[in-house]
Amino acid sequence: MNPNLATLLTESAEKFPERTAIRLDDVAIPYAGLDQTSKLVAGLLQSKGIEAGDRVGIMLPNVPHFPMVYFGVLRMGARVVPMNVLLTAREVKHYLGNSGAKLIAVWEDFAPAAEEAAAELGVEVISINPTNVTELIAGIEPFEDVVEVAPDDTAVILYTSGTTGQPKGAELTHFNIRSNIDSIEDLFTPNEEDVFFGGLPLFHVFGQTVAMNGAISVGAELTLLPRFDPSKALEIIQRDKVTIFQGVPTMYAAMLQVPNRADYDISSLRLCVSGGAALPVEIIRAFESEFNTPILEGYGLSETSPVASFGRVDMERKPGTIGTPITNVEMRIVDEEGNVLGVGDVGELQIKGPNVMKGYWEMPEATAKAIDADGWFATGDMATVDEDGYYSIVDRKKEMILRGGYNVYPREVEEVLYEHPAVAEAAVMGIPHDELGEEIVAIIAFKDGESATEDELREHAKAGVAAYKYPRHILIVDELPKGPTGKILKREIDLSSVS
């Protein structure tokens, strides 16, 4: 069997050619149509000189064009580099330059940033809008084959950051992602009659693997929502009879706040899935009471394709935990010396299994630091395990901020702040926020004789990072607390004045 992920689409298209694969409001694309368009996209890419092994950027929102391009890239043996549509030119340049992408497909509304970055690097841009696909593929010879790949060949390079340095490209192989899809099928038991909610960004690993690939692997329908709105989400569930809803905690909290939520008929739902951050127990109870649908919580990272653990419908549910390891995946808790800890002890969570990435793109040292010789991946998250094998995240060893379902890595924002001529020291942190989960605050100390207003600092950061990343709060101090080596001690920063 050819392990190429593109066969998820070709096989479902062969079984269910007339069934709807992708829906966006009134637009419904059947499996046969999605498969044929992916052939034409692959043909277009081939005409642009793209070959097997090449990297292709995709900077598209949740529109039908995303899977068209995604599977078009994969079927010709090339590698997908998904990008958040909100990235700035500076960020796009890093993604394109680091991956060595030859081409980027971008949604017209977000093209300026991509075009600016691509021009500096000599990368070709294909700008896509709702109506120009027919024109783009006119006269193109369809790429009928699905290139044979090895299971360990890279399918997707997903950029993710730790707390230091620039984002790193996690190489997910065809086998990595397939193993995760197999686990999703085991957990959710989906079939061609199901309708998946597509409100999670497809450029993110959660939406890409669990929603899009999970649906297409069984011939189910994926109904898209380009920008999450709780009322619109309830409308889509009612209209399209969604059976499997996948979201992050802020989505569930937002739907509970819709004033006329009881007016929507969402009785079609049989399962809700939550990931990305801990879902407060109060929200679980309120949502399940209000909407009469169980929520299963899971855990994972870009580096684990993403799912590593999940609650199960056929086992005891323990709200507040991240469940148990999925099939063929192992998890353990270790101390700083790497010793395995016992029940109730807090330590770093490590993961081993077929879902663990191949490594970081062209970063052997970072890969060796993240994955040991025995294949254990160090997550950087602090966790415990109970006597029944259920894991719970207790803290983040990494300093990542989760704002409205998006990951924000402090060092990335700090790098931009340090470029301001008045800034001597900068620390970026998260503070609790009722709606977003966390909000971003920057703590700034100025150089001697220099100064800037809070608005100036905000605008400076806003110009350098995506809109969801810049600090809404600025706290100006004389000096940041430091340890004996001069490292800024974020745990000693007083944020009580920030609200």
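When region 296-324 is limited to residues that are over 12 Å from Val356 (Cβ atoms) and assigned to a strand (DSSP E or B), the one that is farthest from the chain's Cα centre (by Cα) turns out to be Thr324. Out of Ile326, Ile283, Ile333, one residue alone is at pLDDT below 95, under 17 Å from Ile393 (Cβ atoms) and either assigned by TED's automatic domain parsing to the domain that holds Tyr159 or among the charged types (D, E, K, R) (or both). It is Ile283.
Residue by residue, here is whether (1) more than 19 Å from the chain's Cα centre (by Cα); (2) of a type in the set (Asp, Glu); (3) within 30 Å of Asp54 (Cα to Cα) holds:
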position	(1), (2), (3)
Pro364	yes, no, yes
Thr367	yes, no, yes
Asp372	yes, yes, yes
Trp376	yes, no, yes
Val385	yes, no, no
Ser392	yes, no, no
Ile401	no, no, no
Gly404	no, no, no
Pro410	no, no, no
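Select from region 70-107 the residues that are part of a helix (DSSP H, G or I), under 24 Å from Thr134 (Cα atoms) and touching a residue at least 40 places away in the same chain (Cβ under 8 Å) and list them in ascending order. Of everything in region 70-107, those that are part of a helix (DSSP H, G or I), under 24 Å from Thr134 (Cα atoms) and touching a residue at least 40 places away in the same chain (Cβ under 8 Å) turn out to be Tyr70, Phe71, Gly72, Leu74, Arg75. Restricting attention to region 389-440, the residues being within 25 Å of Ser309 (Cα to Cα) and not polar (S, T, N, Q) number 22.
Only one of the listed residues (Asp25, Asp54) is surrounded by fewer than 24 Cβ atoms within 10 Å (Cβ to Cβ) and more than 24 Å from Pro226 (Cα to Cα). That residue is Asp54. Does Ile401 satisfy being in contact with a Gly (Cβ under 8 Å, 6 or more places away or on another chain), surrounded by 21 or more Cβ atoms within 10 Å (Cβ to Cβ) and either modelled with pLDDT of 95 or more or within 19 Å of Ser496 (Cα to Cα) (or both)? Yes: the conditions hold for Ile401.
Restricting Asp240, Asp265 to those that are modelled with pLDDT of 90 or more, buried (at least 18 other Cβ atoms within 10 Å of the Cβ) and over 23 Å from the mean Cα position of the chain (by Cα) reduces the list to Asp240.
Of all residues in region 38-79, those satisfying the criterion of being farther than 23 Å from Ala113 by Cβ and under 25 Å from the mean Cα position of the chain (by Cα) are Ser38, Ala42, Ala52, Gly53, Phe71, Leu74, Arg75, Met76, Gly77. Please verify whether Glu348 is outside any strand (DSSP E or B) and modelled with pLDDT under 95, treating the condition exactly as stated. The answer is no for Glu348. Would you check if Gly375 is surrounded by fewer than 16 Cβ atoms within 10 Å (Cβ to Cβ), at pLDDT 90 or above and not assigned by TED's automatic domain parsing to the domain that holds Val343? Criteria not met by Gly375.
Among the residues of region 252-278, those that are touching a strand residue (DSSP E or B) at 6+ places or on another chain (Cβ under 8 Å), in contact (Cβ under 8 Å) with a residue 40 or more places away in the chain and either of a type in the set (Val, Ile, Thr) or closer than 16 Å to Gly437 by Cβ (or both) comprise Tyr252, Val273, Gly275, Gly276, Ala277, Ala278. Restricting attention to region 179-199, the residues that are farther than 19 Å from Tyr31 by Cβ and in contact with a Leu (Cβ under 8 Å, 6 or more places away or on another chain) total 3. Number of residues in region 30-61 that are within 21 Å of Glu148 (Cβ to Cβ) and of a type in the set (Lys, Arg) equals 2. One residue stands out in region 108-153 among those that are part of a strand (DSSP E or B) and in contact (Cβ under 8 Å) with a residue 40 or more places away in the chain: the one that is farthest from the chain's Cα centre (by Cα), namely Glu124.
The values are calculated or read from the model by the stated rules, or taken from the named source; none is laboratory data. Source: prediction; values computed, not measured. We place every Cβ from the backbone using ideal geometry, glycine too, and count neighbours over all the protein chains shown.
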